[in-house]
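These notes concern the structure reproduced below.
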Amino acid sequence: MLISIPLVQNGTAVVYPGDAMKWAQTNVVGQTVVGDYSGALYLTDGVTKAFGWTAYVPPAPSYGTIITPLAMLNRFLPAEEAAIRTAQASSVQIQGLMDRIHLASFIDLTDPNTQGAINALSAAGLLTAARAAAILNTPAALIELPAVLPK
């Protein structure tokens, strides 16, 4: 979106610079025109500034590797969670892993204990190696962050 002040001819007629069809979707607010006009910015003194602009793509936000325990559980697919919960009944190791997830105040995806736990679920056949890697290597999303990040 570019901002322009319309040029005035003879003190009355408002003339928009460039091709009028390119200004068809502009919004006039007072004497300021806001709209998309490719490659140029028109200033109040009538001077045109040309730019080789391309579409701006903002960088993806990075929220780190700390997530909530609920976010960790939500990373399991429904079938994976069902298999893990079924295995808890017969495996003290898996029960212990799940207890630690539930009792944690936060989970750091880069912590060796977290990686070991997810890899143990993979070794037990409850997750594929690809899914274990996806769970551990997917960066935290905004919704997965704890209310207070650890120091």
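The values are calculated or read from the model by the stated rules, or taken from the named source; none is laboratory data. Everything quoted here is computed from the prediction, not taken from an experiment. Quick reminder, even Gly has a Cβ in these numbers, built from the backbone with ideal geometry, and neighbours come from all protein chains shown. Please note that ligands, DNA and RNA were not included when accessible areas were found on the heavy atoms of the full protein model with its side chains. Shrake-Rupley method; radii C 1.70, N 1.55, O 1.52, S 1.80 Å.
Rank 110, 68 by accessible area, highest first, at a 1.4 Å probe radius?
Working: 110 80, 68 35 Å².
Largest accessible area first, the list is 110, 68.
Could you work out the local net charge near residue 122, counting Lys and Arg as +1, Asp and Glu as -1, over the other residues with Cβ closer than 12 Å to its Cβ?
Values: positive: 131; negative: 80.
Once positives and negatives cancel, what remains is 0.
When the Karplus curve 6.51 cos²θ - 1.76 cosθ + 1.60 is applied with θ = phi - 60°, which whole-Hz ³J(HN,Hα) does each residue of region 120-130 get, with x for Gly and Pro?
5, 5, 5, 4, 7, x, 8, 9, 7, 4, 5
Take peptides 112-123, 69-80 and line them up by average Cβ neighbours within 10 Å, highest first, as a rough protection proxy. Mind showing how you got there, number by number?
Details: 112-123: 16.8, 69-80: 14.8.
Packing proxy ranking, top to bottom: 112-123, 69-80.
In whole angstrom, how far apart do the alpha carbon centroids of region 56-81 and region 98-120 sit?
For region 56-81 versus region 98-120, the Cα centre distance is 14 Å.
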